[in-house]
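Report on one structure; see the data block that follows.
The values are calculated or read from the model by the stated rules, or taken from the named source; none is laboratory data. Since this is a predicted model, take the numbers as computed values, not measurements. Cβ placement follows ideal geometry from the backbone for every residue including glycine, while neighbour counts extend to all protein chains displayed.
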Amino acid sequence: MRPWIIAVAALLGAFAHAQDQSSCPGPRQRVPTSHCSSGDVNRNITVRVAALDTREGNASGAYAPAGSGGYASVGSRVPPEMMADTVTHVEQHEYRDCDTALEIVERVRESFQHLGYFCADVEPIAAQLTGKNEYKISIHVHPGERYRLGEIKFTGATLLTADDLRSELHVKANSLFNTESLRRGLENIQKAYGKKGQPNVTATPVASVDEKNRIVALEIKIHESASPQ
């Protein structure tokens, strides 16, 4: 199993981009460097998806929203409903004009990770300008396998027990590794610590990926403040 580490500031965004490319099998698309700065703002950019297709070996599937012909094929193991959700996830987002294509890739990968496709790989986005601040794109995804959650353990916590933390996390072993569910669970943990006078608790999630069995074991290292506020 390969371990990967994500350091987060306050638990809230721990799984927003919870993918380390080195932990996934096979050649990967290079993740471009962001050129955005903290001063860049949203520019009312509109993104419309012409089509989304998935490719995995000999299996492939495609989906197009109603505005682009409205079709879906079932050659992929990824259901059309999930492709439709991904299109919505991409289109209903406010983009900055500094790194629109990179943000789209992140939105697509995030959508697939929500349903267990932990190693989903997204090809670079080519956007066609169709109007002022309006782009039309096609999305190509290699979803890979679906991963399940293995053992979950907590270290470093003193104010809350492991059982307390696990009950706040609201995820169970052997369930699909859903990054959105984990993010919400970590928000619950932060709220629980806030009630204990420690709203600024931080953590370092460490995951071990078992590629053969498609399992992700998770350790959440809790970093509590020296004293309650």
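Can you confirm whether Val108 is in a loop (DSSP other than H, G, I, E, B) and under 30 Å from Ser208 (Cβ atoms)? It is false that Val108 is in a loop (DSSP other than H, G, I, E, B) and under 30 Å from Ser208 (Cβ atoms). Residues of segment 87-98 include none that is within 15 Å of Val49 (Cβ to Cβ), in contact (Cβ under 8 Å) with a residue 24 or more places away in the chain and within 11 Å of the chain's Cα centre (by Cα). In segment 102-128, what residues are surrounded by fewer than 17 Cβ atoms within 10 Å (Cβ to Cβ) and out of contact with any strand residue (DSSP E or B) (no Cβ under 6 Å at 6 or more places or on another chain)? Scanning segment 102-128 gives Pro124, Ala126. The set of residues in segment 151-178 being farther than 30 Å from Ala101 by Cα and either touching a Gly at 6+ places or on another chain (Cβ under 7 Å) or not assigned by TED's automatic domain parsing to the domain that holds Lys191 (or both) consists of Glu168, Leu169, His170, Val171, Ala173.
The residue list Arg48, Arg96 contains one member that is at pLDDT 85 or above, surrounded by 15 or more Cβ atoms within 10 Å (Cβ to Cβ), touching a Lys or Arg at 6+ places or on another chain (Cβ under 8 Å) and more than 28 Å from Val216 (Cβ to Cβ), which is Arg48.
The residue that is farthest from Lys191 (Cα to Cα), among those in segment 134-174 that are exposed (fewer than 14 other Cβ atoms within 10 Å of the Cβ) and among the hydroxyl-bearing types (Ser, Thr, Tyr), is Thr155. Scanning segment 199-215 for residues that are buried (at least 21 other Cβ atoms within 10 Å of the Cβ) and either without any contact (Cβ under 8 Å) to a residue 40 or more places away in the chain or part of a strand (DSSP E or B) (or both) turns up Ala203, Ala207, Val209.
When Val90 is tested against (1) part of a loop (DSSP other than H, G, I, E, B); (2) surrounded by 16 or more Cβ atoms within 10 Å (Cβ to Cβ); (3) modelled with pLDDT of 90 or more, just one condition goes unmet, and that condition is (1). Of the numbered criteria (1) part of a strand (DSSP E or B); (2) under 27 Å from Leu115 (Cα atoms), the one Thr130 fails is (2).
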